[in-house]
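Heads up, the thing below is written out as structure tokens.
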Amino acid sequence: SSHLPDARPLFSFAARSGVPAGFRPPPRRVVVTGGAGFVGSHLVDRLLEQGDSVIVVDNFFTGRKENVAHHLRNPSYMHGYEGKVVANFCSLCPFSIHINVLCFFCLKFGLLNTLYKTNVMGTLNMLGLAKRIGARFLLTSTSEVYGDPLEHPQKESYWGHVNPIGVRSCYDEGKRTAETLTMDYHRGGGVEVRIARIFNTYGPRMCLDDGRVVSNFVAQALRRQPMTVYGDGKQTRSFQYVSDLVAGLMALMESDHIGPFNLGNPGEFTMLELAQVVKETIDPMATIEFKPNTADDPHMRKPDITKAKQLLHWEPKVSLKEGLPLMVKDFRQRISDE
Ligand code: UDP
Ligand code: UDP
């Protein structure tokens, strides 16, 4: 009714006429699931830096306390394990944004059997929460939704080529279902949503031994072990530096567009080319060793980022040759601490 103040729109409100110069809107509360992980923790850094307060929900299974340790004394920061924190959300965060950085593909830790369930149930619960508190929900989906693509490079309009019963399907289909749930809650439940499709990303704080190609090659070269190239090494990926991804996620969060948006670096490399770059960066004597490839491995992957460029005014800035040394510095430190 008319005597009640308007609900405060999240983003447009500083831009309203009559706001005094220098006025800063109160901090937003942002929930980041998976916020102690590789991508999540970099996002948390940026959010706190810009004055938001952050609640990280993480089971610290693949996420690491070290990644968020520098925030523990910050009064705008808190973290907790699912059950404990989630129960209190309703009272904690009216008008929050919700971000979901949930469950990246991690072979080493044998997550495969629960990955589908984690993606689907986790997303469902967070959507239920977002609906109840009126939060904006950002889903971090993945380029894996395109499967082993028959279209190259991949545009957001491509529906993908996924084996529903293959070894990777728990991840591919998990994120596809998460996208479906997100759109369902948007259309049916009126939840404000955003969807990002994240392409291969690397940088400091990546898991040392999660089996991903960049972390494997870098750790192997630093330990003077041969770099393991799977298959013939001619399959391609496009590698994005983590700060570019975070900038893309922030731009998407603030934008009026639902997406999905591809967030990735269009620079495409074969695994042999990647091994060469790692060799040049770390050790000219580094060697490679061929190993059998995993089933259903996508032959090529490269984002078409026209949509993000046009609508989010975003594009990656850091090339592989610039970004890799930044990751190597972090890996060198962590490996020498082992
Ligand atoms: N949910 C949750 N925490 C919350 C709010 C919801 O875990 O703070 C869960 C809820 O238990 C349900 C899911 O999110 O399993 C979807 O919520 P929704 O309200 O859509 O479904 P309902 O509760 O009606 O089954
Ligand atoms: N790969 C490789 N050596 C490794 C790990 C991965 O050659 O030690 C290959 C893998 O077969 C795939 C590519 O690198 O073709 C990317 O694998 P990753 O798991 O990093 O990412 P995703 O397949 O999820 O894009």
Quiz prompt | Test: LEU252 is touching a strand residue (DSSP E or B) at 6+ places or on another chain (Cβ under 6 Å), outside any loop (DSSP other than H, G, I, E, B) and not β-branched (Val, Ile, Thr) | solution = yes
Quiz item: In the range 176-214, what residues are buried (at least 22 other Cβ atoms within 10 Å of the Cβ), outside any helix (DSSP H, G or I) and within 16 Å of ligand 1 (Cβ to nearest atom)?
Solution: VAL191, VAL193
Exercise. Take the residues in the range 44-72 that are surrounded by 14 or more Cβ atoms within 10 Å (Cβ to Cβ) and within 14 Å of MET206 (Cβ to Cβ), then tell me which one is modelled with the lowest pLDDT.
Key: THR62
Quiz item: Does at least one position in the range 143-161 carry a residue that is more than 16 Å from ligand 2 (Cβ to nearest atom), small (Gly, Ala, Ser) and part of a helix (DSSP H, G or I)?
Solution: no
Quiz item: In this structure, is ASN265 within 18 Å of VAL213 (Cα to Cα) and crowded, with 21+ Cβ neighbours inside 10 Å?
Solution: yes
Practice problem: Would you check if GLY248 is small (Gly, Ala, Ser) and either over 14 Å from the mean Cα position of the chain (by Cα) or within 15 Å of ligand 2 (Cβ to nearest atom) (or both)? | Solution: no
Quiz item: Name the pairs whose Cβ atoms lie under 7 Å apart, with the first residue in the range 67-81 and more than 15 Å from GLY34 (Cα to Cα), the second part of a strand (DSSP E or B), and 6 or more positions between them or separate chains?
Solution: HIS71/TYR77; SER76/SER53; SER76/VAL54
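Looking only at the range 219-233, filter to residues that are among the small types (Gly, Ala, Ser) and outside any loop (DSSP other than H, G, I, E, B); which one of those is farthest from the chain's Cα centre (by Cα)? Don't jump to the end; show me each part of the working.
Pass one, the range 219-233, residues among the small types (Gly, Ala, Ser): 219, 221, 231, 233.
Now drop any that are not outside any loop (DSSP other than H, G, I, E, B), which leaves 219, 221.
On the way: ALA219: 21, ALA221: 26 Å.
Within the range 219-233, the match that is farthest from the chain's Cα centre (by Cα) is ALA221.
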Quiz item: So ASN125 fits all but one of (1) under 27 Å from ASP297 (Cβ atoms); (2) at pLDDT below 90; (3) not in a loop (DSSP other than H, G, I, E, B); what number is the exception?
Solution: (1)
Quiz prompt | Unmet requirement for GLN240, which otherwise passes all of (1) touching a Ser or Thr at 6+ places or on another chain (Cβ under 7 Å); (2) surrounded by fewer than 17 Cβ atoms within 10 Å (Cβ to Cβ); (3) among the polar types (S, T, N, Q) | solution = (2)
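Could you please let me know if LYS234 is within 14 Å of MET300 (Cβ to Cβ), more than 16 Å from ligand 1 (Cβ to nearest atom) and at pLDDT 95 or above? Don't jump to the end; show me each part of the working.
Numbers: within 14 Å of MET300 (Cβ to Cβ): yes; more than 16 Å from ligand 1 (Cβ to nearest atom): yes; at pLDDT 95 or above: yes.
So LYS234 fits the description; yes.
The values are calculated or read from the model by the stated rules, or taken from the named source; none is laboratory data. Predicted model only: the values in this text are computed from it and were never measured. Every residue, glycine among them, receives a Cβ derived from its backbone with ideal geometry; neighbour counts consider all protein chains shown.
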